[in-house]
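Peer 1: Quick one: structure below, then a few questions.
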Amino acid sequence: MTRAAAVAAAFLLAAACSKKAEPAPATDRAMPYEVKHEPAAGEPQDDILEPDDAWFRADLEREVFEGTNKERARAGVLPVVQDGEAAKAARYQSRCLSKHGLIGHDTIPCGSLRGRLDAFNIPYLGAENLDFIDLPNVPLSQIQLRGKLIAQPGGPPPERVIGQAIVEDWMNSPHHRDNLLSKDVTDLGVGVYWKGGRVYATQVFLKRTECGVGGQLCCPTPSGGRYCYAPYACDQPSDVCKREPRPNKE
């Protein structure tokens, strides 16, 4: 068995991007985390998972989300809330990286985090964690992760075992852990994609603010001036942050 984990984390505070992510394919729309697959009578219980098994993907996303909030609770940090648009951006990233066999926050085919947020009409500041785990393409009961079978009689469901391993990877990396436990983020979307024996997982954190982002009021400064986070600029007549670059007047 082989496994690999990517060590990459990005937090965007004021960065413009020239690359734009492609719109998410219509076949990869958001799925509520609470969706649960219940095998029908006579359905095989020990089968090789399909490369893009929707029910398993939703369960795994939920496990990663809940595992994140468990770690935040242990650290005394408020929980993040689910964000459907952030989940779409996360799924797009995982699927795109899988398709091209890449890992990275800013790649030619998949764009940058700011570009992906813009593509899904998310004006807020964002942070992103990435991870991937290699698993053999064998029946579920035979898959081992870190020396243990992921599906054992009476044990936790396999998606929980994999989800916990992904969260552990991030907790064991200082930059990932900083994002995961940040007090500044408020929302989270999780997106996973499993194909070719490799599971990609993406977390997209958001910091919802009341000023300084697209379409919202400019943030005041102690001197009485106004500012917006890039790529937005303060439109002085309306005091609203707009994409059209205008110099801030202090």
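Peer 1: In square angstrom, rounded to the nearest 10, how much accessible surface does Arg177 have for a 1.4 Å probe?
Peer 2: That residue has around 80 Å² of solvent-accessible surface.
Peer 1: Please arrange Trp170, Trp194 by accessible surface area, largest first, computed with a 1.4 Å probe and ligands excluded.
Peer 2: Trp194, Trp170
Peer 1: Pairs of Cα atoms under 8 Å, at least six residues apart: use those to get the relative contact order of segment 80-143, whole percent.
Peer 2: 28
Peer 1: Looking at the calculated P(r) for segment 67-210, what percent of the C-alpha pair distances fall above 18 Å?
Peer 2: So the portion of pairs separated by more than 18 Å is 57 percent.
Peer 1: On alpha carbon coordinates alone, what is the Rg over Rh value for segment 57-120, Rh being the Kirkwood radius?
Peer 2: A ratio of 1.04.
The values are calculated or read from the model by the stated rules, or taken from the named source; none is laboratory data. This is a predicted model, so every value here is computed, not measured. Side chains included, ligands, DNA and RNA excluded: accessible areas come from the protein's heavy atoms. Shrake-Rupley method; radii C 1.70, N 1.55, O 1.52, S 1.80 Å.
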